[in-house]
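Report on one structure; see the data block that follows.
The values are calculated or read from the model by the stated rules, or taken from the named source; none is laboratory data. Note that the structure is a prediction, hence the values are computed from the model and not measured. A quick note on method: Cβ atoms are made from the backbone with ideal geometry, for glycine too, and the neighbour counts reach across all protein chains shown. Each accessible area value is taken on the protein alone, full model and side chains, heavy atoms only, with ligands, DNA and RNA left out. Shrake-Rupley method; radii C 1.70, N 1.55, O 1.52, S 1.80 Å.
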Amino acid sequence: MNPALFTLIRLQSRGFIRRITSGARSPRRAVFLVIGLVMIVLWLGPGLVTAIAVQQHHPGQRNAYPHRFRAIAPLALLGICVLTIVSSAGDKAIAFTPGEMDMLFPGPFSRRELLAYKLLKSAVINLLTALIVSLALLIYAHFWLACYVGVFLTLLFIQLFSTAGVLLGQAISQHAYSMVRRVILIAALILGAVVARNFVAAHGAMEAVYQFRYSDLGQNLLAPFDPLGRTITAFDADELVRAGGAAALIDAGLLVLVVLLDANYLEAATAASRRRYAQVQRIRSGSLLSAGVKGDVSWRLPAPPWLWGAGPIAWRQATSAARSARGLLIVLVLIAVCIGPLFGGALRAVDATQPLIGIIAWLTILLSGLLKFDFRGDLDHMEELKALPLEPAAMAVGQIIVPAIILTGAHVILLGSVAIATRTHLDWLAVAMGLAFPFNALLMATENTIFLLFPTRPAAASPGDFQMLGRQAAQLVMKAITVMIGLAIAVAVAVPIFILLGGPLVVLTLIAGIILLGETVALIPAIAWAFKRFDPSVDTPA
């Protein structure tokens, strides 16, 4: 490989370390870095303590966890490989950044040198990723070195398998590859249905997994993945050498296959890079669930009332959601079809309606960041928004109303499917439906206030990027605390009045809903103030 490519990887590694450490000189980023490190400790700490305690004081359980992991790991790897083939996840394996495409593709580098550069760069990243993952999986291993080596070889296997899949798809043409992906997806669904019917009904979920795992079909199908699981859970150095050697040979075989398929590597990498860049741009613009608009759009939503300027802003966001959020609509349909039957039997047997409502509320707080038909999706258009002759308060109302309505529709579909499936506890499900919009309005108002004060682009925290992890954790905590305080105030006021009046649950719903809407209205001036102080030349993140 050309020495310049080694130098580029070395400089990228230095830049990554410098970005993490030097950025902490800013007080805000230093706080985010500390929070990120605390989150890592809280995540890995309990598992490490448990693993050490089990290995030292519970020798009987010491072998139970590795055996269980050996049974499940090949199935999990098979699932990852199937998902890589039937989805576009494999594009990441050979996708280059726009800067790399502009600099490396016209450069004096051969096709195989660029392939080697991409694989070596991924291997360096996997070294750090394996360190974190191995600590998280230590409870399933006998000693850390085996766990680290096994995780590293597993990450290499996934990387090479994804690369081989994309190159094979390029070799047999994109149309044929799409057909192959559909056939594999249909075959996987049929196989899953057969396994579920023949095993789950007879043995239960976990027993069905073990039955399939150790059947003749399961052993033959999962044989290529066994060495990886045995490496992670190796009992001693001899088994580590044997299993690790077998896993390394499998990775080497995949590497040979990748080299043999690299004839169209530049074409495949270019296409994958473009798709990846388009996806990243959708994520950065807040359209994570958007599939884009295909063809000419000949319909339009009716114009809403002016409402001091809030109406046109809401219309624009609603039009964007209606024309581009196919992924969101698919999620809603899946929720409506699956959630009700899934929880129907459990809710009929146990009075778990109220805990289920609480779980739905908490998951909404966690996942509300994916729905960005508001200020968060307009980060690159803040200059235009600030130039409009509209009052900031009207702007704030128009921005938060659409995601609140979409979330409310999702909640109504979900709770309605549960009500149809259970036909019990309908009163509390009706209360949850009645409070869905006030709750979602308060959540969206809180989300936009935090965003305007601490603007950031959607991005996944890469291994070692503790500042991004800390920023995400801090914003989630602020959002959760604010919403929970609002809910607590509403409950504290509504419940005593409901008890004194002795009225039906509709009284409780009405009072709590009015209080939640009042809290949302109280946040509108805060959103307007944060919007006014937002300076696009300073506050817009790169």
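Can you confirm whether Ile401 is closer than 23 Å to Gly513 by Cα, of a type in the set (A, V, I, L, M, F, W, C) and modelled with pLDDT under 90?
Spelling it out, it is not the case that Ile401 is closer than 23 Å to Gly513 by Cα, of a type in the set (A, V, I, L, M, F, W, C) and modelled with pLDDT under 90.
Quick one: count up the residues across the stretch 220-239 that are surrounded by fewer than 16 Cβ atoms within 10 Å (Cβ to Cβ) and among the small types (Gly, Ala, Ser).
Residues flagged as surrounded by fewer than 16 Cβ atoms within 10 Å (Cβ to Cβ) and among the small types (Gly, Ala, Ser) within the stretch 220-239 amount to 2.
Only residues in the stretch 385-398 that are under 14 Å from Asp374 (Cα atoms) count as the first member; pair them with residues that are in a helix (DSSP H, G or I) and of a type in the set (Asp, Glu), Cβ under 7 angstrom, at least 6 apart or cross-chain, and list the lot.
Within 7 Å, the pairs are Leu385/Asp378.
Quick test of your reading of the structure: Cys147 fulfils all but one of (1) farther than 21 Å from Leu11 by Cα; (2) of a type in the set (A, V, I, L, M, F, W, C); (3) at pLDDT below 85. Name the failing condition by number.
(3)
Return the residue satisfying two criteria in turn: it lies in the stretch 352-404 and is of a type outside the set (Asp, Glu) and not in a helix (DSSP H, G or I), and of such residues it is farthest from the chain's Cα centre (by Cα).
This residue is Pro389.
In this structure, is Leu407 open to solvent by less than 40 Å² (accessible area, probe 1.4 Å), touching a Ser or Thr at 6+ places or on another chain (Cβ under 9 Å) and either part of a helix (DSSP H, G or I) or modelled with pLDDT of 85 or more (or both)?
Yes, satisfied.
Taking only the stretch 142-154 into account, find how many residues are under 16 Å from Phe69 (Cβ atoms) and surrounded by 20 or more Cβ atoms within 10 Å (Cβ to Cβ).
9
Tell me, which helices (runs of 4 or more DSSP H) lie completely within the stretch 32-127 with 1 or more residues that are open to solvent by less than 30 Å² (accessible area, probe 1.4 Å) and modelled with pLDDT of 80 or more?
By residue number, 64-86, 98-104.
Determine which member of the set Ile184, Ile139, Ile158, Ile132 is open to solvent by 30 Å² or more (accessible area, probe 1.4 Å), at pLDDT below 75 and within 28 Å of the chain's Cα centre (by Cα).
One residue alone meets the criteria, Ile184.
Taking the stretch 474-486, which residues are in contact (Cβ under 8 Å) with a residue 60 or more places away in the chain and either surrounded by fewer than 18 Cβ atoms within 10 Å (Cβ to Cβ) or among the acidic types (Asp, Glu) (or both)?
Leu476, Ala480
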